[in-house]
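*Asks:* Here's a structure for you.
A short reminder: the numbers here are calculations on the coordinates, not readings from a lab. These numbers were taken from a predicted model, which means no experiment stands behind them. Quick reminder, even Gly has a Cβ in these numbers, built from the backbone with ideal geometry, and neighbours come from all protein chains shown.
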Amino acid sequence: MLILGIETSCDETSAAIVSEVDGRWITGSNIVASQIAIHQEWGGVVPELASRQHIRDICGVVRTALDAAHAELGDLDAIAVTQGPGLVGSLLVGVSFAKSLAATLDRPLIAVHHLAGHIESLFLEHGELQLPLVALVVSGGHTSLYVVSEPGAYTRVGRTRDDAAGEAYDKVAKVLGLGYPGGPIVDRRAREGDEDAIKFPSTRMTHADRNAPSMKGDLDFSFSGLKTAVLRHVRERATSGRSMDDRYINDVCASFQRTVVSTLLDRLFEAADRHGAQSIGIAGGVSANSRLRQDAAARGRRFGIPVYVPHISLSTDNAAMIAAAGLRNFHAGKRAGMDLNADPSLEL
Ligand code: KG4
Ligand code: ZN
């Protein structure tokens with residue numbers, strides 16, 4: 001079975017071919033056209049520019065994915081596409097393209113939730129994992145904890161009440177004048193800094209979320225307090241007349257990163273303990289973080305639980321993970337119709 005995955009939820013146009021042979025998933029190609037250079041100038045993703053660029057790139061990206069996998073359009077057995085969540089104009093490009101391809105080729109169309117894609121990146125890379133798995137999906141738009149009790153069954157047990165961890169990285173980089181996207185730059189600068197230089201607060205949720213009162217909410221995250229503390233520290237430094245030298249910037253990055261990583265891992269391992277996890281996974285753009293990878297592996301060894309993180313090319317947004325989640329949905333009998341619409345706030 002050969003499936004084409006299409007991902008256009010944010011600022012990456014991506015297409016991938018994944019095949020399934022004897023129940024094993026094999027990535028034939030995974031092409032990503034990044035728009036970072038376009039949005040860098042504005043310090044963040046500009047939705048209108050993103051959707052226009054997706055339109056320019058989608059045909060070439062799909063063609064390249066087919067060529068790289070030595071496949072023809074006629075070889076495809078199904079087409080999977082990200083339905084949401086994401087930027088509506090961007091999602092619409094992928095959804096419309098996938099619909100027209102499915103109609104023209106007369107092949108099944110499969111709708112995929114972007115976060116299911118991130119979770120399935122773990123299975124795509126590592127094969128079958130010990131279940132239940134507790135997965136942390138941590139990106140520019142999301143910071144959520146899911147329990148995967150059986151393949152394709154995801155239950156959310158925690159989420160951020162405000163900013164996503166990646167969003168906090170991007171904002172901290174912006175206030176330090178380091179550019180966009182912030183995650184990789186802060187990660188690099190943090191390695192040169194002293195993580196004990198500044199004590200930043202970490203937030204622990206003790207009350208249920210008013211928007212989800214049925215959930216206890218004590219595995220939820222909050223990063224806006226930390227972000228504000230960093231902004232205040234940097235502003236005070238600037239007004240005090242002391243220099244914003246490299247050493248100070250590196251120390252802010254290291255201290256901030258230490259707080260983010262320990263908050264993420266504390267909650268993740270607590271969720272794993274509570275839900276009797278047999279394995280732990282970390283996916284999404286922030287899982288590319290060097291400190292998060294290192295500390296997660298060390299904690300996993302300490303607690304005797306395997307920790308899985310995808311390769312960086314499968315951590316940040318890509319279509320191979322969408323193709324993998326598409327295969328999961330395909331086998332569950334899920335099919336989308338020609339009335340499929342993009343849903344910017346799709347729930348998983
Ligand atoms: O999953 P992703 O590519 O897109 C979304 O679905 O949001 O994640 C992008 C986010 C950005 O906020 C970026 O700054 C962050 O992932 N990121 C990192 C690193 N690489 C990317 N954050 C921390 N450390 C990194 N090395
Ligand atoms: Zn993502």
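*Asks:* Within the chain, what's the longest stretch lacking trypsin sites (Lys or Arg not before Pro) that sit in DSSP loops with no more than 16 other Cβ atoms inside 10 Å?
*Replies:* The reported range is 1-190.
*Asks:* Could I get the Rg over Rh figure for the chain? Both from C-alpha atoms, Rh via Kirkwood, rounded to two places.
*Replies:* Values: Rg = 20.3 Å, Rh = 20.7 Å.
On the Cα set of the chain, Rg over Rh gives 0.98.
*Asks:* Once you have the Kirkwood Rh of the stretch 100-254 from its Cα pairs, apply Stokes-Einstein at 10 °C and 1.306 mPa s and quote D in µm²/s. Intermediate results must be reported in sequence, preceding the final value.
*Replies:* Details: Rh = 18.3 Å.
Answer from the Stokes-Einstein relation: 87 µm²/s.
*Asks:* Quick check on the exposure proxy: order Cys10, Cys59, Cys253 from fewest to most C-beta atoms within 10 angstrom. Spell out each step's value before the answer.
*Replies:* Details: Cys10 25, Cys59 12, Cys253 28.
If I rank by nearby Cβ atoms, fewest first, I get Cys59, Cys10, Cys253.
*Asks:* Another one. Extent of the stretch 1-133 along each principal axis, from alpha carbon coordinates, in Å, largest to smallest?
*Replies:* 46, 38, 23
*Asks:* Going by C-beta contacts inside 10 Å, put Tyr308, Tyr169 in order with the fewest on the left. Mind dumping the intermediate values first?
*Replies:* On the way: Tyr308 23, Tyr169 28.
So the residues, fewest neighbours to most, are Tyr308, Tyr169.
*Asks:* Once you list every other residue whose beta carbon is under 15 Å from the beta carbon of Leu231, what net charge do they have if Lys and Arg are +1 and Asp and Glu are -1?
*Replies:* With Lys, Arg at +1 and Asp, Glu at -1, the neighbours total +1.
*Asks:* Note down the relative contact order for the chain as a percent, whole number, built from C-alpha pairs under 8 angstrom at least six residues apart.
*Replies:* 25
*Asks:* Provide Rg over Rh for the stretch 3-42; use the alpha carbon set for both Rg and the Kirkwood Rh (inverse mean inverse pair distance).
*Replies:* Value, to two decimals: 1.18.
*Asks:* Another one. Tilt of helix 246-274 relative to the longest C-alpha principal axis of the chain, in degrees (0 to 90, nearest 10)?
*Replies:* 60
*Asks:* Turning to a different aspect of this structure: Applying the Karplus parametrisation 6.51 cos²θ - 1.76 cosθ + 1.60 with θ = phi - 60° to the phi angles of the stretch 224-238, what ³J(HN,Hα) value in whole Hz is obtained for each residue in order, glycine and proline being reported as x?
*Replies:* Once θ is set to phi - 60°, the couplings for the stretch 224-238 become 6, x, 5, 4, 5, 5, 5, 4, 5, 4, 5, 5, 4, 4, 5 Hz.
*Asks:* Report, please, the projected area of the stretch 206-348 averaged over directions, based on the convex hull of its C-alpha atoms, in nm².
*Replies:* For the stretch 206-348, the mean projected area of the Cα convex hull comes to 13.2 nm².
*Asks:* Then there is this: Please state the shape class of the stretch 118-163: rounded when a/c is under 1.5, otherwise prolate if a/b exceeds b/c and oblate if not, all from the C-alpha gyration tensor.
*Replies:* On the way: a/c = 3.13, a/b = 1.65, b/c = 1.89.
Oblate.
*Asks:* Any idea what the alpha-carbon Rg over 2.2 N^0.38 Å comes to for the stretch 182-251? Before the final figure, lay out each step's value.
*Replies:* Numbers: Rg = 16.1 Å, N = 70, 2.2 N^0.38 = 11.1 Å.
Here the answer is 1.45, to two decimals.
*Asks:* In addition: To the nearest 10 degrees, how steep is helix 165-175 against the longest Cα principal axis of the chain, on a 0 to 90 scale?
*Replies:* 50
*Asks:* Based on the mean of other Cβ atoms within 10 Å per residue, sort peptides 84-92, 312-320 so the most packed one is first.
*Replies:* Top to bottom by mean Cβ count within 10 Å: 312-320, 84-92.
*Asks:* Okay, next question. In deg cm²/dmol, rounded to 500, what helix-only [θ] at 222 nm does the chain give when every DSSP H run of at least 4 residues adds -39500 (n - 2.57) and the total is split over its residues?
*Replies:* Dividing the helical sum by the residues of the chain leaves -14000 deg cm²/dmol.
*Asks:* Under 8 Å for C-alpha pairs, at least 6 residues apart: give me the relative contact order for the stretch 77-119, rounded to a whole percent.
*Replies:* The value is 56 percent.
*Asks:* Now, a different point. Quick one: check the C-alpha center-to-center distance for the stretch 1-74 versus the stretch 182-229, whole angstrom.
*Replies:* Taking the Cα centre of each part, the stretch 1-74 and the stretch 182-229 sit 31 Å apart.
*Asks:* State which stretch of the chain is the longest one without any exposed GluC sites (Glu not before Pro), exposure meaning a DSSP loop state and at most 16 other Cβ atoms within 10 Å.
*Replies:* In short, 193-346.
*Asks:* What are the chymotrypsin sites (Phe, Trp or Tyr not before Pro) within the stretch 1-99 that DSSP puts in a loop, where the Cβ has at most 13 other Cβ atoms within 10 Å? Display every interim value, and only then the final one.
*Replies:* Numbers: sites: Trp25, Trp42, Phe97; in loops: Trp42.
Within the stretch 1-99, the qualifying chymotrypsin sites (Phe, Trp or Tyr not before Pro) (loop, at most 13 other Cβ atoms within 10 Å) are Trp42.
*Asks:* Got the relative contact order for the stretch 66-171 handy, in percent, Cα pairs under 8 Å and 6 or more residues apart?
*Replies:* Taking the mean separation of contacting Cα pairs over the length of the stretch 66-171, I get 18 percent.
*Asks:* In whole Å, largest first, what are the principal axis extents of the Cα atoms in the stretch 78-175?
*Replies:* Rounded to whole Å, the extents work out to 46, 39, 22 Å.
*Asks:* Which whole-Hz couplings ³J(HN,Hα) result when phi for each residue of the stretch 147-158 is put into the Karplus expression 6.51 cos²θ - 1.76 cosθ + 1.60, θ = phi - 60°, listed in order with x for Gly and Pro?
*Replies:* These are the phi-based 3J(HN,Hα) values: 9, 10, 8, 8, x, x, 10, 10, 10, 7, 10, x Hz.
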